[in-house]
Amino acid sequence: MSDTQRYHVLDRAPFNLASYLLRWESILVMLLVAVIIINTAISPYFLDIYNLSDATFNFSEKAIIALAMALLIITREIDLSVAANIAVCSLVMGLLSQMGYGTPILVMAGLAVGATAGAANGALVTKFRLPSIVVTIGTMSLFRGIAQVVLGDQALTKYPSALTSFGQGYIWPGVPIPNSFALFLILACMFGFVLHRTVIGRQIFAIGHNPTAARFSGIKVEKTRFWLFVLTGLMAGLAAVLLTGRIGSTRPNIALGWELEIVTMVILGGISIAGGTGTILGLVLSVFILGLTIFGLSLVNIPGIEIAILIGLLLIISIAIPIMTAKWRGRT
Amino acid sequence: MKALAKNREVLLGFIVAAIVLAVGIRAPVFLTGESLVNVITDTCFLFMLTLAQMAIILTRGIDLSLAANLALTGMAVALVSRAMPEVPLGLIILLAIVIGAALGSINGALVAYVGIPPIVVTLGTLAIFRGLIFLLAGGQWLTSKDMSEAFLSFPHANLLGVPSLIWIAGLVIAAFWILYRQTQFGRGLYAIGGNPVAARYCGINIPRQQFIVYTIAGAVSGLCGYLWVARYGIAFVDNAQGYELTIIAACVIGGVSIAGGIGTVSGALLGALFLGVIVNALPVINVSPFWQMLISGFVILAAVIVNARSERPIGKLILASARKLERKA
């Protein structure tokens, strides 16, 4: 470097078409286009606006939780208790509904129980310094256990019609956008804005990249993580409100196994399980890819369990390819 | 005595014994030899799978696909038995071990040689294995009438008054004890979990060790797959559904650190026994089995809190004399 040149740092990386095309999100877009083309080719009923809008019912609730789970995974934590959390929220809502409380109280109760359960996870992880995977396996068992003990083999099915019509309803009569899907889109915009355009978002990435360095930069690592657990719990509460309204009943096995589906959504979205990287755009794309794959294949009568094989393969292959290409590039 | 009380395994052993006695006081029938043998027999699957999972957790990994592997292998051998009832039992068992090991080696290859995080790999293979069961059997359930007499009777057979299931579990436990305590390979697992970089500098071939560990765990799952289907007389898609988390819970209760490098055979066995005793004791004292999940949730949390406390200082003090110094200070 000569004396006349000033030392300078670029504000952003120089434009490079190859790196743009090789971005995870670009790959996901191509995958999504492929999914749509294949599905349209195999079934004439796929590209029907009413069918598509009904298809969103099956993934919107999970996707709402996945948004918060993404932030948690970016900070190197995980919450496997979300599905069991839904069971507890739905249980409390069901019990209150039997006592004759109205929809506003039920919604608030669902959200409050979810956030409280999330806070319990957060407190155990941050105050006792425990690994979140073990804590949330424990609370998963605990929450699901509460629902089982209270309900036994019974189901709560008495819900006010306002709640069920909200869970099953559309934003406007005649507009084929379900409430749950609209909520997901709004929340996705909010999460995207916070994660990619605000200080809090940068702090979340900093924690995931290097928690120690983040702490030395003045970021309250444990406090942030605690509130992300609360947020994840709150989103589980919201999902419980929507799901309870949609199916109009509470059983102990409600939302069973959702935790793994939600984690799959997040990982396929390009959010690294090791923390520190990922985008909300990637997550939204992965939600659509998974949702439309499942919907399209069930249109041609492929059973859900066989679709699971495809999703499993998709997950492994999509994570393996970037790792292998990076290795291969490193070698040459 | 103080050192004894500090020893987690001894403490856990006392707790298990206390539960057994307390249940025995409420319902003396629980303490009869027959009933206790039954508890142990029921827990045999958990004993074997917990030790297999422990090997993986020691290397900082995790395997969520063990139960799915069990169900898939169980279905595969049940189908073989239905198609060819004359196949000798020894061959069936060998086949189960081979299929299980092959499935486990897929996990192993993806973790060790491709470098995908274990939780991602096994989450994927969990879904794939479950789906394959459906494909393999075309969605049917295989019940005891689809399986041959020899196939079904083996787990119920007695040798010297002890069920064959206990003999097999005993052999597997002994093999794991030798592996962990007496072999260079086993000590290497602790080294990888304790400090992968140091382990690499010591000349431990980490990918190779990882690959073998997942394969071994798969082989054990496969063996359990045959035994499970034969004992309960049914093979279907949701066999042992959710059991992967019970296995991990047993590890955690037994003091196997999810961060890797810490865990003992006796601890893991006691963790499994604890869950086995709870499952079997609840109906005896007329508590609804619905309480089982709630109780195990509490126990997992209690165990992980206790373990986190005991793990911290000891990990760094290797010499006994240094530990003495610390105690004085």
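The values are calculated or read from the model by the stated rules, or taken from the named source; none is laboratory data. Values in this document were obtained by computation on a predicted structure and should not be read as measured data. Every residue, glycine as well, gets a Cβ built from its backbone with ideal geometry; the counts of neighbours run over all protein chains shown.
Brief remarks follow.
- Remark: A:Ile271 matches the filter, which requires a residue to be surrounded by 23 or more Cβ atoms within 10 Å (Cβ to Cβ), in contact with a helix residue (DSSP H, G or I) (Cβ under 8 Å, 6 or more places away or on another chain) and either under 15 Å from B:Ala127 (Cβ atoms) or at pLDDT 85 or above (or both).
- Contact map, segment A:26-43: residues that are small (Gly, Ala, Ser) paired with residues that are surrounded by fewer than 16 Cβ atoms within 10 Å (Cβ to Cβ), Cβ distance under 9 Å, separation 6+ or inter-chain. Pairs shown: A:Ser26/A:Tyr20; A:Ser43/A:Val300.
- Unique residue being closer than 30 Å to B:Gly194 by Cβ and in a helix (DSSP H, G or I) when the list is B:Val16, B:Val29: B:Val16
- Single residue of segment B:110-123 satisfying the filter (facing chain A (nearest Cβ under 7 Å) and not aliphatic (A, V, I, L, M)) that is farthest from the chain's Cα centre (by Cα): B:Gly115
- The single condition among (1) in contact (Cβ under 8 Å) with a residue 60 or more places away in the chain; (2) away from chain B (no Cβ under 14 Å) that A:Ala214 does not meet is (1).
- Looking across segment B:226-249 at every residue that is in a helix (DSSP H, G or I) and within 14 Å of another protein chain (Cβ to nearest Cβ), the one that is surrounded by the fewest Cβ atoms within 10 Å (Cβ to Cβ) is identified as B:Leu245.
- Residue tally, condition within 14 Å of chain B (Cβ to nearest Cβ) and either touching a Pro at 6+ places or on another chain (Cβ under 9 Å) or of a type in the set (Phe, Trp, Tyr) (or both), over segment A:88-142: 3
- Where a residue in segment A:92-105 is under 17 Å from A:Leu238 (Cα atoms) and its partner, wherever it lies, is at pLDDT 90 or above and of a type in the set (Val, Ile, Thr), with Cβ under 6 Å and at least six apart: A:Val92/A:Val113; A:Met93/A:Thr244; A:Gly94/A:Thr250
- So B:Val287, is it within 26 Å of B:Ala127 (Cα to Cα) and either without any contact (Cβ under 8 Å) to a residue 40 or more places away in the chain or within 14 Å of chain A (Cβ to nearest Cβ) (or both): no
- Subset tally (residues that are buried (at least 17 other Cβ atoms within 10 Å of the Cβ), over 15 Å from A:Gly145 (Cα atoms) and β-branched (Val, Ile, Thr)) for segment A:75-115: 5
- Qualifying residue in segment B:60-71 (condition: of a type in the set (Lys, Arg) and touching a Gly at 6+ places or on another chain (Cβ under 8 Å)): yes
- Those helices (runs of 4 or more DSSP H) lying entirely in segment A:11-100 with at least 2 residues under 22 Å from A:Ala155 (Cβ atoms): A:57-74, A:82-98
- Taking segment B:16-48 as the range and being over 30 Å from B:Ala68 (Cα atoms) and crowded, with 17+ Cβ neighbours inside 10 Å as the test, the residues that pass are B:Val20, B:Val23, B:Gly24, B:Phe30.
- Just one residue in the set B:Leu136, B:Leu126 is more than 10 Å from every other protein chain (Cβ to nearest Cβ), in a helix (DSSP H, G or I) and in contact (Cβ under 8 Å) with a residue 24 or more places away in the chain; that residue is B:Leu136.
- Qualifying residue in segment A:146-155 (condition: more than 11 Å from chain B (Cβ to nearest Cβ) and either over 22 Å from the mean Cα position of the chain (by Cα) or touching a residue at least 12 places away in the same chain (Cβ under 8 Å) (or both)): yes
- Which listed residue, of B:Gly263, B:Gly315, B:Gly297, is surrounded by 12 or more Cβ atoms within 10 Å (Cβ to Cβ), modelled with pLDDT of 75 or more and within 26 Å of B:Tyr190 (Cβ to Cβ): B:Gly263
- Number of the exception - A:Leu292 against (1) surrounded by fewer than 21 Cβ atoms within 10 Å (Cβ to Cβ); (2) under 27 Å from A:Ala41 (Cβ atoms); (3) at pLDDT below 85: (3)
- Flag if B:Phe151 is within 24 Å of the chain's Cα centre (by Cα), buried (at least 19 other Cβ atoms within 10 Å of the Cβ) and of a type in the set (Phe, Trp, Tyr): yes
- Filtered residue count, segment B:139-167, keeping only those that are within 14 Å of another protein chain (Cβ to nearest Cβ) and on the phi < 0 side of the Ramachandran plot: 2
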